[in-house]
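After the structure tokens below, expect a handful of questions from me.
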Amino acid sequence: MTTTELVKSFINGGRKGQASGGRLEIVHGNTLVNYNTAIAYRDDRNNRIILNYDNYSPTTSKHQNRVIQYAPSNQLYITSHKGLMEYLNGEIGINEFPKPVRTDATNILV
């Protein structure tokens with residue numbers, strides 16, 4: 001499976017999968033992980049995708065931008081890794097995250 005196919009599968013509810021090369025994968029049924037770092041979480045109860053948009057590497061940025069490109073804009077929320085972890089731990093709510101404003105398929109303003 002390519003990384004693009006895996007990202008699309010994740011966004012569309014895929015519960016497991018691994019891209020060829022093995023670094024990008026879906027774990028726990030709802031978390032997209034690259035090199036052991038959660039880069040996106042799919043909140044199935046509330047129909048949301050929460051993206052960790054911290055800067056890691058050029059490859060991770062490509063994966064993050066694919067999430068932005070393919071996720072429905074009304075479901076996408078962008079935060080830091082810290083914000084994602086705080087959300088998962090119930091420390092903050094979804095209203096703490098800015099909604100992205102798309103300028104085209106690859107650029108966002110937060």
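Consider residue 12 carefully, then state whether it is in contact with a helix residue (DSSP H, G or I) (Cβ under 6 Å, 6 or more places away or on another chain) and of a type in the set (S, T, N, Q).
No: the conditions fail for residue 12.
Select, from 39, 50, the only residue that is at pLDDT 90 or above, of a type outside the set (D, E, K, R) and out of contact with any His (no Cβ under 8 Å at 6 or more places or on another chain).
50
Still on this structure, I have one more. Which residues, taken from the range 2-19, are polar (S, T, N, Q), closer than 20 Å to residue 72 by Cα and outside any loop (DSSP other than H, G, I, E, B)?
3, 4, 9
Of everything in the range 8-17, what is over 21 Å from residue 83 (Cα atoms) and either touching a residue at least 24 places away in the same chain (Cβ under 8 Å) or touching a Leu at 6+ places or on another chain (Cβ under 7 Å) (or both)? Give them in sequence order.
8, 13, 17
Looking at (1) among the hydroxyl-bearing types (Ser, Thr, Tyr); (2) touching a residue at least 40 places away in the same chain (Cβ under 8 Å); (3) surrounded by 21 or more Cβ atoms within 10 Å (Cβ to Cβ), find the lone condition where residue 70 falls short.
All conditions pass for residue 70, except number (3).
Hey, could you check the range 20-55 for residues that are among the basic types (Lys, Arg) and either in a strand (DSSP E or B) or touching a residue at least 12 places away in the same chain (Cβ under 8 Å) (or both) and say which is farthest from residue 80 (Cα to Cα)?
Looking at residues that are among the basic types (Lys, Arg) and either in a strand (DSSP E or B) or touching a residue at least 12 places away in the same chain (Cβ under 8 Å) (or both), I get 23.
The values are calculated or read from the model by the stated rules, or taken from the named source; none is laboratory data. Being a predicted model, the structure only gives us computed values, none of them experimental. So basically every Cβ, Gly included, is an ideal-geometry build from the backbone, and we count neighbours across all protein chains shown.
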